[in-house]
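The values are calculated or read from the model by the stated rules, or taken from the named source; none is laboratory data. Values in this document were obtained by computation on a predicted structure and should not be read as measured data. Ideal geometry is used to build each Cβ from the backbone, glycine not excepted, and the neighbour counts take in all protein chains shown.
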């Protein structure tokens, strides 16, 4: 048995060690992102590599491609956050502008249609039974990670939308640990959104407060 399919049995179901370790790192990524630490990205890269192995063993190439994309986005996010960390006051989180939100939603909608058609017509991807769900998760995950790299609070909401489809799809693919972790994600993502939104509001009002203080003095 190779390391790709190394597993143990839980409640009569095989659980891949790569799936378990990769999802543990994915949970760590959410916790690290809540705290805006640069370690978010190298941990995400490592988790993507492990989940890539699990997806290949589960014959889920659509999910495998998503992990490859995650690897590239992790490098991009690492660079972007490293730059932001050098700014005064640390990484500046903020809500997306109306134009940015429209662009994210357009990318999600158009990307899902395009990737679903790709999945439906490429038999070797083995996702013809749920091309739309796989495409939605694939594109939604990419859009959310890109928004995260830009330190936009909106990325948490996109992750919630992805989780709503990701849980049943993971369970149907036999990735039971992934399905459970998606559920835990949902709770953690809501907490992360609350924290980032609170900080973004504080940053937005800080300049006005400083100006008022300067006037009074």
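Miscellaneous remarks
- Residue count for the range 56-88, restricted to those that are part of a helix (DSSP H, G or I), in contact (Cβ under 8 Å) with a residue 60 or more places away in the chain and closer than 16 Å to residue 174 by Cα: 3
- Residue 97 vs. criteria within 26 Å of residue 179 (Cβ to Cβ) and modelled with pLDDT of 90 or more: no
- Each residue in the range 170-194 was checked for being more than 16 Å from the chain's Cα centre (by Cα), crowded, with 17+ Cβ neighbours inside 10 Å and either at pLDDT 80 or above or in a helix (DSSP H, G or I) (or both), and 2 pass.
- Scope the range 152-169; condition assigned to a helix (DSSP H, G or I) and crowded, with 18+ Cβ neighbours inside 10 Å; matching residues: 154, 155, 156, 157, 158, 159, 162, 163, 166, 167, 169
- Every condition in (1) in contact with a helix residue (DSSP H, G or I) (Cβ under 7 Å, 6 or more places away or on another chain); (2) assigned to a loop (DSSP other than H, G, I, E, B); (3) modelled with pLDDT of 80 or more holds for residue 36 except the one numbered (1).
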